[in-house]
1. Sorted by average packing, counted as other Cβ atoms within 10 angstrom per residue and highest first, what order do 187-199, 236-248, 205-217 take?
2. How much length is gained on full extension from residue 269 to residue 38, taking 0.36 nm per residue of separation minus their Cα-Cα distance?
3. Sort out for me the Cα centre separation of the stretch 26-56 from the stretch 185-203, rounded to whole Å.
4. List residues of the stretch 174-207, by number, whose backbone nitrogen lies under 14 Å from a label position 7 Å along Cα→C-beta of residue 145.
5. Between residue 214 and residue 185, what is the label-point separation in nm under the 7 Å Cα-to-beta-carbon projection?
6. To check you understand DSSP bridge types, tell me what percent of the beta bridges within the chain (both residues inside) are antiparallel, rounded to 5.
7. Using only DSSP helix segments of four residues or longer, with each worth -39500 (n - 2.57), what per-residue ellipticity at 222 nm results for the chain after dividing by its residue count and rounding to 500?
8. Over the chain, what is the relative contact order in whole percent, taking alpha-carbon pairs under 8 Å and six or more residues apart?
């Protein structure tokens, strides 16, 4: 049976050691790419990349060199393997000065499959590049009506309702499966299709490495295999990638021995773990922990500082919203504006968005 490894959001950094702004953390992006190629070789699978290979609107040669070396390794091991891609917003923004020529096509042996209809492991498929918010089905005008699988790069409203690129209801109902990049969390969501008894499925690959401290969780790619039953969609499973060890301080044992347990199979430069400090600690304890881990100080689930780059006092408390707001809006002179912003800050997200749209006439 034919197989494919499908991945997205590689976010290869333009300079080594730019992990979340930390020059001392490096190697995670290239380690993930190495594993992806090794999985292709192990399973004798083609490689499909669903956008955001690059990480920055302005780039340097490093990402392309890493990718070229990886694909060359794949070609030596599997001379007949295919490497196909669509573009994410990071590639599109870089190319805005080159009439949107497919950036990755500079690498020999790759194929840009956007706006193409093709057979994917026995299923009729179609692919589109990243599209800006306000996506119109006009972009799918050339898609044959017997297409069952759609590859794209963009966030659907059912995955992220706050600022989606498109509504799932805008897509043709003959699409049974959408495999997508852009949303960094691995996810599968079912959705109803009008006039069909079988629901559709939206499948996000997730990013291949933890590109920020807010992305806590396993990184993975998809191993997709042709179905042995005619007319059925390909079968798939997630394959987790190894990554730098990640811990939360609140879940460590009393002696924090986990921080010194090194997985010898990891490259040396990704063995030092990340530690998310999610409770108040004295500076002395933070300094001690920094000897064996990269420290990120968190508050309410958000990163507030990076130990080692800036002076940290995690025992401090953030000022309340009111105290912050009065620095920018005078509650006496601009009472209406002040009350409105406080209302937004204290409302639920859905209520806040609705009130904001109502105020600006959106």
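None of the figures in this text is laboratory data; all of them are computed from the coordinates on show. Quick caveat, the model's predicted, so the values are computed rather than measured. Backbone-built Cβ (ideal geometry, glycine too); neighbour counts: all protein chains shown.
1. Numbers: 187-199: 11.4, 236-248: 16.6, 205-217: 20.0.
Top of the packing list down: 205-217, 236-248, 187-199.
2. Numbers: separation 231, 0.36 × 231 = 83.16 nm, distance 1.90 nm.
Between residue 269 and residue 38, full extension yields an extra 81.3 nm.
3. That distance is 27 Å.
4. The answer is 174-175.
5. 1.2
6. Numbers: 26 of 59 bridges.
For the chain, the DSSP antiparallel bridge percentage is about 45.
7. Working: 7 runs with 74 residues, N = 362.
Theoretical 222 nm ellipticity from helices: -6000 deg cm²/dmol.
8. Details: 700 pairs, mean separation 48.7, N = 362.
Relative contact order, the chain: 13 percent.
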